[in-house]
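Student: Attaching a single structure in structure tokens format; questions to follow.
Just so it is clear, none of the values below were taken in a lab; they were calculated from the coordinates. The model shown is predicted, which means the values in this text are computed figures rather than measured ones. Every residue, glycine among them, receives a Cβ derived from its backbone with ideal geometry; neighbour counts consider all protein chains shown.
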Amino acid sequence: MTTKWHKLLCKKDQLQLLGTLNGGQSFRWKQIPENQWLGIFSKKVWILKEATDAILYQVHAPNSTKTSPKKCNEELSNYLHLDVDLSEYYPKWSEKDPNFKDAAEQFYGIRILRQDVVENIFSFICSQNNHISRITSMVEKLAEYYGEKICDINGITYYSFPDVEKLAADGVEQHLRNNGFGYRAKYISNSAKLIADGGGNKWINELQEMKYEDAKKNLMTLMGIGAKVADCICLMSLGHLQAIPVDTHIYQIAARLYMPKLGKQKTVTEKIYNEIGEFFRDLYGPLAGWAHTVLFCADLKKFQDNKVETAKTSKHKKQDSKTKINSKKLKT
DNA sequence: CGGAGACCTTGTCA
DNA sequence: ATGACAAGGTCTC
């Protein structure tokens, strides 16, 4: 086990750990003392902290796992999507949209992570109609029940996210039902079986090769995955940075600030869903999903506590409507 | 094709 | 304290 700190060069405006790791993209990161972040990806436990023009990190993995500094640097850099230079985009998005410019002050350095596809498929199935805190505990349970132990740190055992085959096994649905997963237990079990029957890794590999529209369509054939969850997976795990997950936050933002005609709409139909996506793609360009994530962060309640309340934010504070996302499956 | 309800469970707010 | 309501929606009718 390595406990040495490694260094990955990275300017401050290129990466903010708080908004990126705790902004609802991944459910595998926790803030720990001394302003450090502990998270799990690629079957390793990572501890990160910000330093001047760099990220310092530790890697914890089983002794059998290779953790050469070079390989770890590459893995972390890839996970954080550091090949995209935000200084090329933030000014452009700010120029096109004053709302983005406002959000970007607090939410500089927000990055779309390159997350594991399988983990995100099941994490975002859990996310529907649910709170981030509960989603996090459900993802942790999936890892604990069906994943593999990585290591212990300070008396806590960490587990990797399980393979699809583990989730496709008999008895999973009942087991999850008994452990607080509610109706999502069936979605997880059925989707895992659908993927396994479709070839398992082969199905996943083919998904990764598809273009955005095809990948989205295929994801929506799984149970419990509609347009929004499919777009989350496309954006955060398949590199389709034009994908715009239209959730309740983004719908509210769109109706309030960009598309006033939505005001009276009670449900988000497939048509409305796609219109909102097209609107933002038209506004921000090919990396619209990335820009949208900055707006999403700015709308998260947990990030608004330490923010100075302005007349503008307080005015809209309590006006969330009863609008439900109701986009239906695309017909092929 | 669009609308209306149901759905597990937990956190939050009055 | 207790109930209503919302939570990064989706499925079914």
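Student: So, in Å, what gap is there between the alpha-carbon centers of the stretch A:149-179 and the stretch A:185-228?
Tutor: About 20 Å separates the Cα centre of the stretch A:149-179 from the one of the stretch A:185-228.
Student: Treat each spin label as a single point 7 Å out from the Cα along the C-beta direction, and report the A:Glu209 to A:Ala54 distance in nm.
Tutor: Inter-label distance under the simple model: 4.1 nm.
Student: Moving to a separate point now. Just to be sure I understand: with springs between alpha-carbon atoms less than 10 Å apart, which residue in A:Leu287, A:Leu48, A:Leu262 has the highest mean-square fluctuation in the Gaussian network model of chain A?
Tutor: Result for chain A, Cα springs under 10 Å: A:Leu262 fluctuates most.
Student: How much net charge surrounds A:Lys193 when only the other residues with a Cβ under 11 Å from the Cβ of A:Lys193 are counted, with Lys and Arg +1 and Asp and Glu -1?
Tutor: Neighbour charge sum, excluding A:Lys193 itself: -3.
Student: Using the Cα centre of chain A as the reference point, and only Cβ charges (+1 on K/R, -1 on D/E), how large is the resulting charge dipole? Debye, rounded to the nearest 20. List each step's numbers first, then the result.
Tutor: Working: 48 positive and 38 negative charges, 189 e Å.
So the magnitude is around 900 debye.
Student: Using a simple spin-label model with points 7 Å from Cα along the Cα→Cβ vector, what separation in nm is obtained for A:Lys302 and A:Arg177?
Tutor: 3.0 nm
Student: Helix-derived [θ] at 222 nm for chain A: sum -39500 (n - 2.57) over DSSP H runs of at least 4, divide by residue count, nearest 500?
Tutor: On the way: 16 runs with 148 residues, N = 332.
Calculated mean residue ellipticity at 222 nm is -12500 deg cm²/dmol.
Student: Once phi is turned into θ = phi - 60°, what whole-Hz ³J(HN,Hα) does the Karplus curve with 6.51, -1.76 and 1.60 give for every residue of the stretch A:128-138, x standing for Gly and Pro?
Tutor: Per residue, the Karplus-derived 3J(HN,Hα) values read 5, 6, 8, 8, 4, 5, 6, 4, 4, 5, 5 Hz.
Student: Send over the per residue convex hull volume for the stretch A:115-235, Cα only, as a whole number of Å³.
Tutor: So the per-residue Cα hull volume is 106 Å³.
Student: List the pairs from A:Lys7/A:Lys101; A:Lys261/A:Lys302; A:Lys7/A:Lys71; A:Lys217/A:Lys301; A:Lys193/A:Lys228; A:Lys66/A:Lys211 whose alpha-carbon separation is above 23 Å, in the order I gave them. If you can, show how the numbers build up before the last one.
Tutor: Values: A:Lys7/A:Lys101 31 Å; A:Lys261/A:Lys302 29 Å; A:Lys7/A:Lys71 13 Å; A:Lys217/A:Lys301 31 Å; A:Lys193/A:Lys228 21 Å; A:Lys66/A:Lys211 33 Å.
Checking Cα-Cα distances, A:Lys7/A:Lys101; A:Lys261/A:Lys302; A:Lys217/A:Lys301; A:Lys66/A:Lys211 exceed 23 Å.
Student: Please state, as a whole number in µm²/s, the translational diffusion coefficient that the Stokes-Einstein equation yields for the stretch A:6-83 at 37 °C and 0.692 mPa s, with Rh defined as the Kirkwood radius across alpha carbon pairs.
Tutor: Values: Rh = 12.8 Å.
Translational D for this selection: 256 µm²/s.
Student: Further, regarding this structure: Summing +1 for each Lys or Arg and -1 for each Asp or Glu, what net charge is found among the other residues whose Cβ lies under 10 Å from the Cβ of A:Asn22?
Tutor: Working: positive: A:Lys30, A:Lys302; negative: none.
Once all neighbours under 10 Å are counted, the net charge is +2.
Student: Can you grab the distance from the C-alpha centre of the stretch A:57-110 to the C-alpha centre of the stretch A:290-305, Å, no decimals?
Tutor: 16 Å
Student: In a Debye calculation with equal point scatterers on the alpha-carbon sites of chain A and no solvent, what is log10 I(q)/I(0) at q = 0.13, 0.14 Å⁻¹?
Tutor: Cα-only, vacuum Debye calculation for chain A: -1.05, -1.22.
Student: Considering every Cα-Cα pair within the stretch A:202-306, what fraction, in whole percent, is farther apart than 17 Å?
Tutor: Working: 2929 of 5460 pairs.
Percent of Cα pairs beyond 17 Å in the stretch A:202-306: 54.
Student: Put a dot 7 Å past each Cα toward the Cβ at A:Lys202 and A:Lys92; how far apart are the dots in nm?
Tutor: Calculated label separation equals 4.0 nm.
Student: Give me the net charge for the shell around A:Phe280: Cβ to Cβ below 12 angstrom, other residues only, Lys and Arg +1, Asp and Glu -1.
Tutor: Numbers: positive: A:Lys96, A:Arg281; negative: A:Asp97, A:Asp231, A:Glu275, A:Glu278, A:Asp282.
My count for the surroundings of A:Phe280 gives -3.
Student: Any chance you could run the full-extension gain for A:Ser77 through A:Asn129? It's 0.36 nm times the residue separation minus the Cα-Cα distance, nm to one decimal.
Tutor: Additional length available on full extension: 15.5 nm.
Student: Moving on. Under a straight-distance cross-link criterion of Cα-Cα below 19 Å, which aspartates and glutamates are reachable from A:Lys30, leaving out those fewer than 8 residues away in the same chain?
Tutor: The reachable aspartates and glutamates, counting only those whose Cα sits under 19 Å from A:Lys30, are A:Glu50, A:Asp116, A:Glu119, A:Glu140, A:Glu144, A:Asp152, A:Asp305.
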